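One structure is given here, and the rest of the page talks about it.
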Amino acid sequence: MKKRVLLGAALVVALGAAWLLYDQSAKPEKITSSETADGANAMPSASQEDEATPVHDIVEFRMLDLDAGWFRYADGAVMVTKDGGAHWQKAGPDWREPIDEDVAGEKNAVGAAEKLAKEVEQSIGTIEAAYSEFSPGQTVDYKGGQVAVKRAQPVSGPIGWALAAEGSGLVMPLLVTVDGGQTWHDEVTAELRAKMEEEKARREHREEETALYGSPQLAQQAMKPGWTLLPDRTVPGDAVLVRHSEPGELEWQGKTYQLQPFKAGYFTYLPIPRSTEPGAYAIGDSKLTVEEKEFKTQHLKVSEQMESMRRNTERIEADQKKVAAARVNSAPAFLFDAEFIAPLKGRLSTPFGYTRYVNGKLSNSHMAIDLAVPEGTPIKATNDGVVALADELYLSGNTIYLDHGMGLFSQYAHLSEIQVAAGDTVKKGDIIGLVGSTGFSTGPHLHFTFFAHDVPVNPDLFFETTPFRWLKEPQ
């Protein structure tokens, strides 16, 4: 009986030992990150329980852009991300550390196109650096305490990464900020990822805007933080395109101009009336120089019947109200993406800005150009836009106004025939009407001009260029 008890006890002990061995072998191996449904690993977090998150030391990292990056453990294992650090997964056996794009570009640049592409890339890099919103320091503020930093990397705007120094005690020593370094996080949440997507959109807008200027160097000059005047020297009768890196408004000659968002900046046209005195004017933190310009005079002789038209103030005021109503609403964006063209080729019978005398009496300033051509000559749209007005007016006859966005309109007057209607969308070069001599006119011609915020602007400023190219290389 005693032997049976001893054998039973031995059997129980043996079974217990076997169960303990099985239990230990069945427990999963502890990992440094949480497995996701797609097989990738979410960014390891210090918020996870310490006993479940033993990690190797991270010795180096690099973010290639807002999406792609990598880090390396002390044992040589590499983790990579393609979604801005929201998920990391082990690099494949063929992974190699990426070569800097600028080095690769130098090796591959063999022609003019490659050289230009390289200049554009460098300018975009300089522009991006100008908008970096934090400077890496030796420590970062993490959850109310200071953490020493081994290496920090600004990525874009307010987005940056930092690797805590050895001995920080952090389970996940790779930290990220989306607010210029004010707060740091050990994991990329959906909220942080949304901030990165917003910054990606801003970067794309900067790249798109860079292409609008005359050269990569001019883009770099125009897109700096703060105010930019395109150009910063002008004359009465012209206009300036104003850019700022932030929303706002500016005051100019008693009027307030709202800056409208477009691409990566905020813009408005600044008309320089013919009456503007020469001198230096402050526009934000920039200086606008208005140089002197002399305008010639012109004398016209017309019949008494035509001259009497100018005395019908009731008809004239009614038309002015109609035109003002048509120009009050302009698209809040530039509706064109290419150079302006002359609406037709003809003899310049009256330049812009001439002081006009009619039958020996001072009449007004002719704030347009007159192009003399045979009646019926087709008239082209100077650029893409929307027809704001197409109607018969008392003095200007059959008249068309095209809205080109941002408060800019082109005017075509004295037409014999209008071939568009209000609300029509037109493309550059579309035929919109025919030359005539309707209204207050002494013969077939096209009266053509631009209006920037209701102020007439010299058309010569626009032909074969765009306002983004009014900024020129320094002489």
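What FRET efficiency, computed as 1/(1 + (r/R0)^6) with R0 = 51 Å and r the Cβ-Cβ distance, is obtained for Arg356 and His205, rounded to the nearest 0.05?
Result of the calculation: an efficiency of 0.70.
Which residues among the range 376-407 fall inside the zone where the amide N is under 15 Å from a point 7 Å beyond the Cα of Val328, along Cα→Cβ?
Residues passing the 15 Å test: 389.
Ranking Thr466, Thr81 by Cβ neighbours within 10 Å, fewest first, what do you get?
Fewest to most other Cβ atoms nearby, the residues stand as Thr466, Thr81.
Quick check on packing: order 403-409, 88-94, 413-419, 254-260 by the mean number of other C-beta atoms within 10 Å, highest mean leading.
403-409, 413-419, 254-260, 88-94
Please report the net charge: other residues with Cβ closer than 11 Å to the Cβ of Phe462, K and R +1, D and E -1.
-3
Using only alpha-carbon positions, what ratio does the radius of gyration of the range 297-469 give when scaled by 2.2 N^0.38 Å?
0.99
Please report Leu402, Leu389, Leu229 as a ranked list, fewest other C-beta atoms within 10 angstrom at the top and most at the bottom.
Ranking Leu402, Leu389, Leu229 by Cβ neighbours within 10 Å, fewest first, gives Leu389, Leu229, Leu402.
Cα centroid distance between the range 132-176 and the range 249-271, in Å?
38
Sort Asp141, Asp57 by Cβ crowding within 10 Å, fewest neighbours at the top.
Asp57, Asp141
At a threshold of 8 angstrom on Cα-Cα distance, excluding pairs fewer than six apart, so keeping six or more, what relative contact order does the range 226-290 reach in percent?
Across the range 226-290, relative contact order equals 37 percent.
Taking the Cα atoms of the range 226-290, what is the range of coordinates along each of the three principal axes, in descending order and whole Å?
Each principal axis gives a Cα extent; for the range 226-290 these are 32, 19, 17 Å.
Any idea how many Lys pairs in the range 297-469 come in under 23 angstrom at the alpha carbon, given 8 or more places apart or on separate chains?
6
For the range 297-469, what does the relative contact order come out to in percent, with C-alpha contacts under 8 Å and a separation of six or more?
Rounded, it is 25 percent for the range 297-469.
In debye, nearest 20: dipole of the range 297-469 around its Cα centre with unit charges on the Cβ of K, R (+) and D, E (-)?
Using only the charged Cβ atoms, the result is roughly 420 debye.
A short reminder: the numbers here are calculations on the coordinates, not readings from a lab. Since we're looking at a predicted model, the values are computed, not measured. Quick reminder, even Gly has a Cβ in these numbers, built from the backbone with ideal geometry, and neighbours come from all protein chains shown.
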